[in-house]
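The values are calculated or read from the model by the stated rules, or taken from the named source; none is laboratory data. As the structure is a computational prediction, the values presented were derived from the model and not from experiment. In this analysis, Cβ positions are derived from the backbone assuming ideal geometry, glycine residues included, and neighbour counts consider all displayed protein chains.
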Amino acid sequence: MRLIRGHWQLVLLTLLVFALWSTPVMIPLKILIVYLHELSHAIAITLTGGEVLNLNIDAQQGGLVAGRGGNRFISLSAGYLGSLLIGVVLLIAALRTKADKWIMALCGAVTLLVAALYVRDAFALMFTIGTGLAMLLSARFLGHAINDLILRIIGLSSMFYVPYDIFSDTIARSYLRSDARMLADEFGGTTVMWGGLWLMISLVVIGCCLRYGLGRSSNLALPRLRR
């Protein structure tokens, strides 16, 4: 009961996101999560010495990163686990710091940089440029509470969607050519084995985030009504 009282806003926000998940209003958020997945691939390729040639996302919530070089094992593993870590970092940063506007501005600047360097497709360009500009405008003109709320929504959605996505793509539909399928083809094992490993890791990371990252209370202060 104390846990619910201290974090009732996060609980309500999570329930609201899941309730609306299959509605058209959530499509931009879903595409944003796909972008974070592909961005994680791109970051892994770059950090392991490779070159990103193209980053693409589409209106059907699909995505693809074309790269050259880098560590293939790490870059393939980075999609699900990287977007999970991005979600955790954004959520914890929103909850535990007062730098929400700076974090939002950084996210916007990075998204515009990615659009300039790696995005070629028309839809992906419109989405990344529009999202990057919206984030910069939010950081510039909206208050701390609104930016905090947006970061919470993105962080929670990315974090909680990863286990579902892993299960759906690598276990329930193991025949798909997913990251796990490619990892199995290139390094051995099976799609279900790699997907199951990623699923366990994601659940452990989420559990640690909820246990150690939330603090005693994560609720935003509500404005008081004047009498």
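Numbers at a glance
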{"item": "Candidates LEU112, LEU39, filtered to the one that is more than 17 Å from ASP179 (Cβ to Cβ), assigned to a helix (DSSP H, G or I), touching a helix residue (DSSP H, G or I) at 6+ places or on another chain (Cβ under 7 Å) and not polar (S, T, N, Q)", "result": "LEU112"}
{"item": "Inter-residue pairs, beta-carbon under 9 Å, first without any contact (Cβ under 8 Å) to a residue 60 or more places away in the chain and in the stretch 148-176, second of a type in the set (Lys, Arg), 6+ apart", "result": "ASP169/ARG181; THR170/ARG181; SER174/ARG181; TYR175/ARG181"}
{"item": "Any hit, the stretch 24-34, residues being of a type in the set (Lys, Arg), in a helix (DSSP H, G or I) and under 16 Å from the mean Cα position of the chain (by Cα)", "result": "yes"}
{"item": "Residues satisfying the stated conditions in the stretch 118-140, i.e. farther than 16 Å from GLN61 by Cα and at pLDDT 95 or above", "result": "TYR118, ILE129, GLY130, GLY132, LEU133, ALA134, MET135, LEU136, LEU137, SER138, ALA139, ARG140"}
{"item": "Tally, over the stretch 172-196, of residues that are surrounded by fewer than 23 Cβ atoms within 10 Å (Cβ to Cβ), in a helix (DSSP H, G or I) and out of contact with any Leu (no Cβ under 7 Å at 6 or more places or on another chain)", "result": "9"}
{"item": "Matching residues, the stretch 25-53, being farther than 26 Å from ILE153 by Cβ and surrounded by fewer than 16 Cβ atoms within 10 Å (Cβ to Cβ)", "result": "LEU47, GLY49, GLU51, LEU53"}
{"item": "Matching residues in the stretch 3-12 - criterion: being surrounded by fewer than 17 Cβ atoms within 10 Å (Cβ to Cβ) and hydrophobic (A, V, I, L, M, F, W, C)", "result": "LEU3, ILE4, TRP8, VAL11, LEU12"}
{"item": "Scope the stretch 136-175; condition of a type in the set (A, V, I, L, M), touching a helix residue (DSSP H, G or I) at 6+ places or on another chain (Cβ under 6 Å) and farther than 17 Å from HIS37 by Cα; matching residues", "result": "LEU136, ALA139, ILE171"}
{"item": "Candidates LEU95, LEU91, LEU117, LEU81 - the one that is crowded, with 16+ Cβ neighbours inside 10 Å, out of contact with any Ser or Thr (no Cβ under 8 Å at 6 or more places or on another chain) and either in a loop (DSSP other than H, G, I, E, B) or touching a residue at least 60 places away in the same chain (Cβ under 8 Å) (or both)", "result": "LEU91"}
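Residues checked against (1) basic (Lys, Arg); (2) over 17 Å from the mean Cα position of the chain (by Cα); (3) at negative phi:
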| site | (1), (2), (3) |
| --- | --- |
| ARG177 | yes, yes, yes |
| ALA184 | no, yes, yes |
| GLY188 | no, yes, no |
| THR191 | no, yes, yes |
| LEU199 | no, no, yes |
| LEU203 | no, no, yes |
| GLY215 | no, yes, no |
